[in-house]
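Encoded as structure tokens, the structure appears first; notes follow it.
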Amino acid sequence: MSDSIWSNRVKRLLREMSGAEGRQGGEAPIVSMGTTAPPMVEVPRFILDHLVSDGAQVTRPSIDPYREPIETHVYLFEGQLRLSMPVLLSCMRLRSQSHLHTVYSVSYRLGLLMMCSEGQLSHKLEEWGKFIVRVSEEKHRLKDGKYCKEARLMRRAGLNETGKVQRLAIVPSIFDTGAVLELVREGYAGIIIDEDIEGSDCPLEVAVSRTDRALKESRDVAGDPLRWRASIIAISSRVRGSHDAFKLLGLGADIVGLDETWQVGIEYSEGMPDEDLSDRLEAFLLAVQKELKLLAGAAGVSSLYTSLIGNRELFRGIELDAEVRRLLGVKAAGE
Amino acid sequence: MSDLFPSQVKSGCGVFGILRKYDAPKIPSVIPLTSIECVRYRGSRLGAGFARFDQRGVTGRKRLKVFADSLKTIFALSRYIADNFGLKIGEVFEEYQSESGTYGSYVVELEHSDDLDRIVREVNRTFSEGNFSARVYCWGDYVDVSKGVGYPKDIHELYNLAERSPPGDLWLAHTRQPTNSPGMLPVWSHPFSSGEWAIVHNGDISSFGSNMEFLFSVGYRSFVGTDSEVIAYLLDHLTSKEGLSIEEAAALLCNGFEDFLNGDPILPLRVKYRGAALDGPFTVVAGHCDGSDVYLLALTDRFKFRPIVIGEDDHYYYVASEEAEIRAVSSRARVWTLGPGDFFLASMNRGVIHPTEQVKIYHTPLTFHQPRPRDGAVIIDTVGSDYRALNSMIRSYVRAGIKEIDLVNVNGQRYIGAGIEGDAKIRIYGTPGNCLANYNQTLHFEVFGNAQDDVGDAMYGGSVVIHGDCRDVLGQVLQGGYIYVMGDAGNRCGIQMREFRDRRPFLIIGGKVDDYLGEYMAGGVIVVLGLGQVRTDRPPVGRYVATGMVGGRIYIRGRVPLKRIGLNPVRADVLQYLEGLVMDGLLTAEQYETLRSMEDLSYITLEEVLPSGAYKAVSRLFTNKYFKPLRVEYRYLTHDDLSLIGPHLNSFGSLFNLTREIHEVTSEKFTVIEPR
């Protein structure tokens, strides 16, 4: 699946963002209304392709992110961790220690999460580990027979800070939300829904939206909705960039994982020099941030954290089955 | 006829709120009616309404106010409450009757219940989902909402408020211009009420979906589908169920930019109740009574995309979309604007609760000169005159060669002078409406009073002199002539100003301005003098000064922190980046600590203090392909400066009798901003 989603058009735009192609990295590529993006010209492949943003109009003006503030930061774990943007870099397939260090340098500077497995880490990274999601290989059986893994964020937080260890559960993209509710009740501070892992039985879009709603409907012992203390991170190798991330945030994800897309964007290769990796990745992520701001601004939204996450009202479905729309909580275009 | 073919002057909704001071007389319904009808053109036939608050209780009995399609439905609803919640139903009567295909308003009296909020939600879920037959729209003990489909005057008559409604401690009024939701049913009209709250709203909130999700998470299931309704629920839920103070709830909803919160305790609340924050354009006026005091609350969005003014006289506090609404009922009120993302809160017993500091800082009254209309000038009494008739008269006189025209009793007439060519002086006594002197080329206006929004838009020449304050979007695309404002001005002043060859516009503001001064500015000169401020340690400008500026020059008295100039990346992100440089060995921990203690982390400062490698790296956060660096200097005015702005400052001083002040100010330091 993953090969065919990287069309030449998608690859070119992603590479422009990193500076691997084009004149200036770090910028949002400019396309026209004549873009061939799905669902109108290119064949829509995923639910995400059938979702469009219900843009701003005269009574709710768009916001120009180059001259006016649009906030992309988000908070996790009841405000204990601030990220500059709702993005996680998945590095599970990276083998080079030096590349891992470089990616983490960029993550740390830009204040966003990096995910890798426990075995990949060097001691040096642990010293500065507040943005590392470290995935344990050990599997835990869920009630419905599926499995989850556990991930942790480090205690050592960075300069002058000592953060708390946060436990996250990594679950497949599953329709039934019962197991997730159990995990949150057990004390997991967040749920990583990873569509690429074994046991996924429904599209990520549906799993994210249903998990968000289920956590809002269920209460903790204090009577507050579980969602108030549990974060949702959505990961899939088919997330193609900020437009997909923007829609997943709208469906209820707090953070969206970029996996293959950043490697496509910077034309990653195992032999690439660290300096190129650093320059291109930083440019790519700053461009992603600009795109998120442009998308938010076009919808009249000035804060991703307060006004985009879970805001299904901003989206409409085109040629999307009524039952799927019901599961997502999204109206049809024109509604 | 005029209602059938309404005026082409259309606008956003009109809002109004009035609160009495504890020793002032109660307020009859004619006051909010007079005020809101003054901006009838802001609304349409598609909805209006009033809310009255009375600290002694509006009826003394527990009651629901319900819109229903028939009396039969009301009886079914009463039975439903009795059967499902075991409450005894008292008298049931109609306020106005439903006609075929329409909804009437009914009152259902019932015994007390501590669980009334939940009961109302269940009733509304049952009777207003799917085949909509009824909806409870007001159930507080101290608030009485009267709303429907029509203009405010129609609703006032429909409910016969003149005879049936006793004077209140607080009134809200609204006239509606529906945009994103329909207006043919009374449930969509404002005010929206929840518990002991009622609100009126002008705007279109983009956070609507997030707000619904938040309310969903705390148990709300039934909505009529307008963004305004959720604001009433949010205020009620946060204050009565979550235990937040009104100030906390207001700050949460206003959603101030994180970068300017400076450790404000609202941040943890925003994390906990994040779906409660509002985004997108809004002006909200809310009323609340907790049984012992009555509160008037006004909120505006962080960009201030909608107009709002606050007023105060000896007896009352006012909130309105336009100053003309306040002037229609109080000629003596002091009127000022609300800053972007801020809120105003006053109570009957305590007076102004927030923002007290702002009121103290900025509102030292400047001396107003109110000369009478003079002999030799043509005098036009504008009472009852709409702008077209008024402009038609002005045009005739100007064509006839009249050089001086005095307009008296002006209140809210828009577009004065637009499209009129000729050489004449127009003196305006009162409060001109929005869009004064738009496209002006040759006329000279002098306003004895405050002006409203959008003065001098796309003005090519001539002049505007205002002996008072001015509101938002002053001098937009000003490209010739000059505008002098003796007092303060609002948000987005001088945006997109430009010059061409010898045509260079001047905008001089005597007091202070709010955010986005000179945004996208491409030419001309802006001077902000900061006269009349009690606290001279505060710059007389808001935030985001000169963002996107590519030409022209701005002079601001005093030192403006660099953080307020241009659009900077969020401080927390800059610090995070610098911390990353420590991790990579490009900065030492000591250097980082020094930087962290600095208030200003603008690119100008970082360029000076960082090693070149570190600066090159972090500068990526500040720049983009549209970025044009600014030159910002804090200095005494030079000979060149004085030859540029001196003649205008001298005219400004003599026009407003401020010659001494101008002389003193020009010897002080200014922040001078222009593109590099």
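Bear in mind that the values in this text are calculations on the coordinates, not laboratory data. The model shown is predicted, which means the values in this text are computed figures rather than measured ones. Using ideal geometry, Cβ is built from the backbone for each residue, glycine included, and neighbour counts are taken over all protein chains shown.
Label-to-label distance, A:E21 versus B:S396, with points set 7 angstrom from Cα along the beta-carbon direction: 6.8 nm. For region B:451-481 versus region B:274-327, the inter-centroid distance based on Cα atoms is 25 Å. Label zone of A:E78 (point 7 Å out along Cα→Cβ, amide N under 13 Å): in region B:251-284 this covers B:268-269, B:271-273.
Placing a label point 7 Å from the Cα of B:H112 along the Cα-to-Cβ direction, the residues of region B:266-293 with a backbone N closer than 20 Å are B:289-293.
Among the trypsin sites (Lys or Arg not before Pro) in region B:601-643, those located in a DSSP loop and surrounded by at most 13 other Cβ atoms within 10 Å of their own Cβ are B:K625. Under 1.5 on a/c is rounded, so check that first for chain A, then, if it is not, pick prolate when a/b is larger than b/c and oblate when it is not; a ≥ b ≥ c are the square roots of the alpha carbon gyration tensor eigenvalues. The shape class here is rounded. Estimated at 0.36 nm per residue, the fully extended path between B:D640 and B:S612 surpasses their Cα-Cα distance by 6.7 nm. Relative contact order of chain B: 9 percent, from C-alpha pairs under 8 Å at least 6 residues apart in sequence. Note on the protein assembly as shown: antiparallel DSSP beta bridges, both residues inside, total approximately 60 percent of the bridges counted. By the rule of a C-alpha distance below 19 Å, with chain neighbours fewer than 8 residues away ignored, the lysines paired with A:K149 are A:K139. In region B:378-565, the DSSP beta bridges split such that about 5 percent are antiparallel, to the nearest 5.
With a ≥ b ≥ c the root eigenvalues of the C-alpha gyration tensor of region B:571-621, is it rounded (a/c under 1.5), prolate (a/b larger than b/c) or oblate? Cα axes put region B:571-621 in the rounded bin. With contacts taken as Cα pairs under 8 Å and at least 6 residues apart, region B:571-621 reaches a relative contact order of 42 percent.
Give the average, rounded to an integer, of partner chain Cβ atoms located within 10 angstrom of each Cβ in A:107-118. Write out the running numbers ahead of the final one.
Details: counts 1, 8, 14, 6, 8, 1, 0, 0, 0, 0, 0, 0.
Mean partner-chain Cβ count within 10 Å for A:107-118: 3.
Using a cut-off of 10 Å between beta-carbons, work out the net charge of the residues near B:G532 (Lys and Arg +1, Asp and Glu -1, B:G532 not included). Net charge around B:G532: -1.
Given a Förster distance of 45 Å, report the FRET efficiency between A:Q97 and A:E186 from their Cβ-Cβ distance, rounded to the nearest 0.05. Between A:Q97 and A:E186 the formula returns 0.85. Projecting label points 7 angstrom from Cα along Cα→Cβ for B:I604 and B:R374 puts them 4.2 nm apart.
With the cut-off at 21 Å, tell me which of the pairs A:K164/B:K272; A:K143/B:K272; A:K293/B:K625 have Cα atoms farther apart than that. Intermediate results must be reported in sequence, preceding the final value.
Values: A:K164/B:K272 18 Å; A:K143/B:K272 30 Å; A:K293/B:K625 15 Å.
With Cα atoms farther than 21 Å apart: A:K143/B:K272.
Here the simple spin-label model places points 7 Å from the Cα toward Cβ, and for A:I318 and A:I30 these points are separated by 2.3 nm.
Evaluate the relative contact order of chain A (contact order divided by residue number), counting alpha-carbon pairs under 8 angstrom at least 6 apart; express in whole percent.
Working: 674 pairs, mean separation 81.2, N = 335.
Over chain A, the number comes to 24 percent.
Subtracting the Cα-Cα distance of A:V43 and A:K331 from their residue separation scaled by 0.36 nm leaves 101.6 nm.
What are the trypsin sites (Lys or Arg not before Pro) within region B:420-529 that DSSP puts in a loop, where the Cβ has at most 10 other Cβ atoms within 10 Å? Walk me through the numbers on the way to the answer.
Values: sites: B:K425, B:R427, B:R471, B:R492, B:R498, B:R501, B:R503, B:K512; in loops: B:R471, B:R492, B:R498, B:R501, B:K512.
Hits after loop and neighbour filter: B:R501.
Between amide H atoms placed 1.01 Å from N, distances below 5 Å from B:Y96 occur with B:S105, all of them 5 or more places distant or on a separate chain.
Sites listed here are GluC sites (Glu not before Pro) in region B:618-676 whose DSSP assignment is loop and whose Cβ has at most 13 other Cβ atoms within 10 Å: B:E668.
Close amide-amide hydrogen proximity is noted between A:L258 and A:L88, A:L89, A:S90, each under 5 Å apart and 5 or more residues distant or on a separate chain (H modeled in the peptide plane; Pro and chain starts excluded). For region A:41-48, backbone phi angles converted through the Karplus equation (6.51, -1.76, 1.60; θ = phi - 60°) give residue-by-residue couplings of 10, 5, 5, x, 10, 10, 4, 3 Hz, Gly and Pro being listed as x.
Amide H contacts of B:M549: B:Y520, B:M521, each under 5 Å away and 5 or more positions distant or on a separate chain (H built 1.01 Å from N in the peptide plane; Pro and chain starts excluded).
Counting only aspartates and glutamates at least 8 places from B:K241 when in the same chain, those with an alpha carbon closer than 16 Å to its own are A:D224, B:D114, B:D115, B:D117, B:E196, B:D290. In terms of other Cβ atoms within 10 Å, B:C254, B:C13 run from fewest to most in the order B:C254, B:C13.
In this structure, the residue pairs whose Cα-Cα separation is over 22 Å, taken from B:K512/B:K669; A:K130/A:K247; B:K62/B:K88; A:K216/A:K247; B:K563/B:K669; A:K247/A:K331, are A:K130/A:K247. For peptide B:216-229, the mean count of partner chain Cβ atoms within 10 Å of a residue's Cβ comes to 2.
Please average, across the residues of B:255-262, the number of beta carbons from any other chain that are within 10 Å of each residue's own beta carbon, and give a whole number. Kindly include the intermediate steps, with their values, before the conclusion.
Numbers: counts 6, 0, 5, 8, 3, 1, 0, 0.
Per residue, the number of nearby Cβ atoms from other chains is 3 on average.
Of the residues B:F305, B:F216, the one with the fewest other Cβ atoms within 10 Å heads the list, and the complete ranking is B:F216, B:F305. Between B:D264 and B:T102, residue separation times 0.36 nm minus the direct Cα-Cα distance comes to 53.5 nm.
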